[in-house]
1. For Ala211, indicate whether it is open to solvent by 20 Å² or more (accessible area, probe 1.4 Å), within 21 Å of Ala102 (Cβ to Cβ) and either at pLDDT below 70 or out of contact with any strand residue (DSSP E or B) (no Cβ under 6 Å at 6 or more places or on another chain) (or both).
2. State the number of residues belonging to the stretch 19-71 that are in contact with a Ser or Thr (Cβ under 8 Å, 6 or more places away or on another chain), assigned to a helix (DSSP H, G or I) and either within 20 Å of Leu2 (Cβ to Cβ) or among the hydroxyl-bearing types (Ser, Thr, Tyr) (or both).
3. I'd like to check something: does the stretch 31-40 contain any residue that is surrounded by 17 or more Cβ atoms within 10 Å (Cβ to Cβ) and within 16 Å of Leu108 (Cα to Cα)?
4. Pick out the one residue from Leu95, Leu13 that is open to solvent by less than 50 Å² (accessible area, probe 1.4 Å), in contact with a helix residue (DSSP H, G or I) (Cβ under 9 Å, 6 or more places away or on another chain) and under 18 Å from Leu122 (Cβ atoms).
5. Are any residues in the stretch 155-193 of a type in the set (A, V, I, L, M), in a helix (DSSP H, G or I) and open to solvent by 20 Å² or more (accessible area, probe 1.4 Å), and if so, which ones?
6. For the list (1) modelled with pLDDT of 75 or more; (2) under 25 Å from Leu21 (Cβ atoms), I need the number of the one condition that Val206 fails.
7. For residues that are open to solvent by 70 Å² or more (accessible area, probe 1.4 Å), closer than 24 Å to Ala102 by Cβ and touching a residue at least 24 places away in the same chain (Cβ under 8 Å), scanning just the stretch 54-74, find the one that is nearest to the chain's Cα centre (by Cα).
Amino acid sequence: MLRLILAEDSVLLRAGLTELLTRGGHQVLAAVGTAEELVRAVEAQRPDAVVTDVRMPPGFRDEGLRAALELRSRDASLPVLVLSQYVATAYATQLLTGASAAGLGYLLKDRVGEVAEFLDALQQVAAGRTVIDPEVVRVLLSRQSEQRPLARLTPREREVLTLMASGLNNQALAARLFITEAAVVKHASSIFMKLDLDATEGNRRVLAVLAHLSGQEARDGMPGLL
């Protein structure tokens with residue numbers, strides 16, 4: 001069971017998330033509607049993890065994200081799962097490419113409807129792993145110029161890269177794609193060779209992929225926010 005602080009400005013969604021998390025076996029210590037309330041609740045309650053929306057009052061831009069970054073600056077070990085209504089790659093990279101992204105996650109709100117997947121992502125973040133919504137990775141991939149290194153990847157390698165960046169290990173990748181773990185290792189090795197990345201594992205592998213994608217996006221002069 002995780003002791004959670006939830007921040008969501010929509011009353012209905014906040015109530016729904018509270019119910020979902022409670023049924024998932026977790027305790028919601030506080031469910032708040034503003035970024036300021038989130039910071040105060042975390043200071044008072046010392047939760048095991050935080051779940052927060054990106055856009056919060058009063059500006060409904062990135063107040064929730066900035067609150068998450070502030071909380072992490074105070075306690076780098078606090079697990080935080082950020083939810084977004086839209087594919088906002090600038091938010092994802094801002095959150096996940098800091099000094100330490102262990103115990104951080106960025107998911108689209110649509111993922112909440114896939115209850116088991118959402119709860120699993122929360123558990124991964126609470127355990128210190130990094131989770132990136134696959135759709136964010138797909139958008140980053142789709143923005144790459146044909147002249148860039150990503151153009152060298154085969155369709156299967158792009159599929160593996162997308163799942164790899166969402167935090168899946170080799171065993172989970174193999175199960176998702178109905179291939180052997182040996183095949184996953186072969187694809188991963190090829191991907192890292194083509195992208196000139198170190199063949200790391202776990203969080204370091206996720207962050208290496210994200211850093212490459214977001215860095216390439218910036219070099220191509222492409223916007224980070226949809």
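1. Numbers: open to solvent by 20 Å² or more (accessible area, probe 1.4 Å): yes; within 21 Å of Ala102 (Cβ to Cβ): yes; either at pLDDT below 70 or out of contact with any strand residue (DSSP E or B) (no Cβ under 6 Å at 6 or more places or on another chain) (or both): yes.
Taking the combined requirement at face value, the residue satisfies it.
2. The total comes to 4.
3. No.
4. Leu95
5. Of all residues in the stretch 155-193, those of a type in the set (A, V, I, L, M) come to 160-161, 163-165, 168, 172-175, 177, 179, 182-185, 188, 191, 193.
Going one step further and asking which of them are in a helix (DSSP H, G or I), we end up with 160-161, 163-165, 172-175, 177, 182-185, 188, 191, 193.
Once the filter is applied, which keeps residues that are of a type in the set (A, V, I, L, M), in a helix (DSSP H, G or I) and open to solvent by 20 Å² or more (accessible area, probe 1.4 Å), the stretch 155-193 yields Ala172, Ala175, Ala182, Ala183, Val185, Met193.
6. Just one mismatch for Val206, condition (1).
7. Initially, the stretch 54-74 is screened for residues open to solvent by 70 Å² or more (accessible area, probe 1.4 Å), giving 55, 58, 60-61, 66, 70, 73-74.
Now restrict to residues that are closer than 24 Å to Ala102 by Cβ: 66, 70, 73-74.
From what's left, touching a residue at least 24 places away in the same chain (Cβ under 8 Å): 66, 70.
Details: Arg66: 15, Glu70: 17 Å.
Among those residues, the one meeting the criterion is Arg66.
The values are calculated or read from the model by the stated rules, or taken from the named source; none is laboratory data. Computed from a predicted model, the values in this text were never measured in an experiment. Please note: Cβ atoms are built from the backbone with ideal geometry, for glycine as well, and neighbour counts cover all protein chains shown. We work out accessible area using only protein heavy atoms, side chains counted, and drop any ligands, DNA or RNA first. Shrake-Rupley method; radii C 1.70, N 1.55, O 1.52, S 1.80 Å.
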